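The values are calculated or read from the model by the stated rules, or taken from the named source; none is laboratory data. For clarity, every value in this text was computed on a predicted model and none was experimentally measured. So basically every Cβ, Gly included, is an ideal-geometry build from the backbone, and we count neighbours across all protein chains shown.
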Protein chains: 2
Amino acid sequence: MKKSKKVKTTKTKTPSRVEQKKSVVLSALRSLGEQLYSQLSKKQWPSVRMPSRSITNIHYDQHTRQYILGERFVRRSARNIRHIRPLTQLVWTGSFVDELAREGKTSTLRDVFYSAQAYEMSFTDQAESDDIITDLETVLEHPREDFNVFPEERSAIFGDLTIQYTVRGYEGRKLNLASHPDGMMIGPALTNAEFAECKADKIIAIEKGGLFTRFIEERVHDKYKALLIHTAGQAPRATRALIRRMSQELGLPVYIFCDADPWGMHIANVIIAGSANAAHLRELNTPDAKWAGVYASDIVDYKLPSDPLTDLDIKRLYELQKDPRYDTKLWKREIEAFLRLKRKSEQEAFSRYGLAFIVDKYLPARLKELG
Amino acid sequence: MKKSKKVKTTKTKTPSRVEQKKSVVLSALRSLGEQLYSQLSKKQWPSVRMPSRSITNIHYDQHTRQYILGERFVRRSARNIRHIRPLTQLVWTGSFVDELAREGKTSTLRDVFYSAQAYEMSFTDQAESDDIITDLETVLEHPREDFNVFPEERSAIFGDLTIQYTVRGYEGRKLNLASHPDGMMIGPALTNAEFAECKADKIIAIEKGGLFTRFIEERVHDKYKALLIHTAGQAPRATRALIRRMSQELGLPVYIFCDADPWGMHIANVIIAGSANAAHLRELNTPDAKWAGVYASDIVDYKLPSDPLTDLDIKRLYELQKDPRYDTKLWKREIEAFLRLKRKSEQEAFSRYGLAFIVDKYLPARLKELG
């Protein structure tokens, strides 16, 4: 019989991690409201204090290995006429997402922008409402996905993990994520699911959809006991948060496969080290995840079909060289290799050795190398 | 007890539609090979004849209500030195996809390009290999998805349809497509699945992911007994073929919801009338599918938040006016309304009346109107 890990039984009475998180977010929203009421009842001008997200207050933190906000704070106060508008917008947005959370509904950034009109809240454009949602993330210290505002784009997952839903209408229902071999979409339902049972012992994130399908067809989930994630290019934040959760709650190592070019590298790097845009948030990155290729040196070692780097590619490589998130031996070595080689390759380039080569030869060699 | 339609029992001995299609494609490939062998054994120059795809041979057909190829044919012959290269490429591609089909594997356009190198077949670039695959589609009269070459992009589905897989490793396994409320990816496994049982009585295709999720949360699948499809912008061909199959095999009407702009209209139109690029293929479009909005007139009637049309939008509307696929009363009326109004709206714009409005008010009104 296969070894499997029971992550959580359904009989436990302690609230699940998802329930805990939901109640933390709701109480953060309640605190925000109480703070404003209390200020008003003391005849103070209502105001909200939050860390500054200005570029000079974003620092790379060696300890957590990601960008974080520094010591500077800003205060939005109704006393200041220029603050009245963003403060009101922030408070409305808080009440809107509180309603979403209570009703178990989700929304998108676009929906929030339009919904505001139902309340006669005025946002000049979506950029303004997006910015206010980022403010709310900063105040609540939770990503917007935790208060039910999801991005439009979504990626997919496949593998031997049984989840248990918490979303309305599906409470307690279980599904094994290997049930559908085209992959399951990663959306609000999956993001809010509990992990019930997992037979995989690693996570492999893949940039390209074609390779994701190839990995399923070649039974990578089985041969290498892997959960497969299709990032669909730059991984959406909900997917990055899911990778982190799976890595931590299930104790699984994470490997990331992307194209061999600066853009592919950055897809891997953002999963590992996070983005500067999300410096106000924790729990979106997976510092121990490993970039597993395709490396510049693989282009040479495997004699892969390749294309010349464009000027834009080269400019991007010089930027990455100065980026603190790339300050490790492997990244530095490969950036230099790209600049020397002046060529790039795609994941599919391994098909020159037959469709199964990447799974039968390249993957095991790389997994062994990374330990 | 709910009424449900048993589409096919698993006990029947007659080959399923999917098996039938697979065997038709394989025998078309075999015929192609036999034809070449027979020519060679008669000491004739090997050659392949196919309908011309040149723009002057593409006609709009009122009967099938889509673009089709006319009477002109081209012949690729080894006798002509300029034909040797594309003929050889065509024959190699045929043998490659024959291998794919026999092994039950799938591939992408990108993979085919790289795989050629394993066989020392030379393609200058992917455009050249893509073009040869279109030749093969024309010769075989089947879309590339039927011979296992899939696009990278994929959309998603959700609703009360139980499918039965035919792909390797999943043969005979069943899954209800309402099992995962974020949606199931539409890829090779779903495309090749049989429809086992369906409780829905209509299909609703939706352009935007946010609205797809909204429809699931608001239980459109339940309230309106609908299968929901997220086209993710322009619907991939595999998704268009799936919509047609579901419409025909399950006898369900199809409604398409997109943004109120010329690009949204065209997403709907291509599902209904097909694209000129696919004039060499049948069975990708659903002539009886209905464009269900968002109409230009809805912008006025529902007082939707809107943006001005850009010059590009207006240019596009004039193009659509001349397009034979838009030669019906509804399309003409709405193109004129757009040009008069000079404004566009998004599906999410209905959120100004609350998140549930589009489902509780707009959708039933439109479905009633379309009958």
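Tabulated data for the structure shown
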read-out: Options A:123, A:73, A:150, A:113; residue that is touching a residue at least 60 places away in the same chain (Cβ under 8 Å) and of a type in the set (Phe, Trp, Tyr); value: A:150
read-out: Residue match in the range B:340-358 (condition: polar (S, T, N, Q), closer than 25 Å to residue A:118 by Cα, modelled with pLDDT under 95 and over 26 Å from the mean Cα position of the chain (by Cα)); value: yes
read-out: In the range B:153-173, the residues that are touching a strand residue (DSSP E or B) at 6+ places or on another chain (Cβ under 8 Å) and either free of Cβ contacts under 8 Å to residues at least 24 places away in the same chain or of a type in the set (Phe, Trp, Tyr) (or both); value: B:158, B:165, B:173
read-out: Members of the range B:95-148 found to be more than 14 Å from chain A (Cβ to nearest Cβ) and on the phi > 0 side of the Ramachandran plot, listed by number; value: B:141
read-out: Scan of the range B:199-210 for residues that are in contact with a Phe, Trp or Tyr (Cβ under 8 Å, 6 or more places away or on another chain) and more than 9 Å from chain A (Cβ to nearest Cβ), ordered by number; value: B:202, B:203, B:204, B:205, B:206, B:207
read-out: Selection count, the range A:290-309, where residues are free of Cβ contacts under 8 Å to residues at least 60 places away in the same chain and farther than 22 Å from residue B:117 by Cβ; value: 1
read-out: The lone exception for residue A:165 - which of (1) facing chain B (nearest Cβ under 8 Å); (2) modelled with pLDDT under 90 it fails; value: (2)
read-out: Residue pairs meeting the criteria (Cβ under 8 Å; at least 6 apart or on separate chains; first assigned to a helix (DSSP H, G or I), in the range B:41-67; second among the charged types (D, E, K, R)); value: B:56/B:72; B:57/B:71; B:57/B:72
read-out: Test: residue A:213 is in contact (Cβ under 8 Å) with a residue 12 or more places away in the chain, of a type in the set (Val, Ile, Thr), facing chain B (nearest Cβ under 10 Å) and closer than 22 Å to residue A:348 by Cα; value: yes
read-out: So residue B:172, is it surrounded by 24 or more Cβ atoms within 10 Å (Cβ to Cβ), modelled with pLDDT of 90 or more and not assigned by TED's automatic domain parsing to the domain that holds residue B:213; value: no
read-out: Residue within the range B:177-187 that is more than 9 Å from chain A (Cβ to nearest Cβ) and either surrounded by fewer than 24 Cβ atoms within 10 Å (Cβ to Cβ) or within 28 Å of residue A:238 (Cβ to Cβ) (or both) present; value: yes
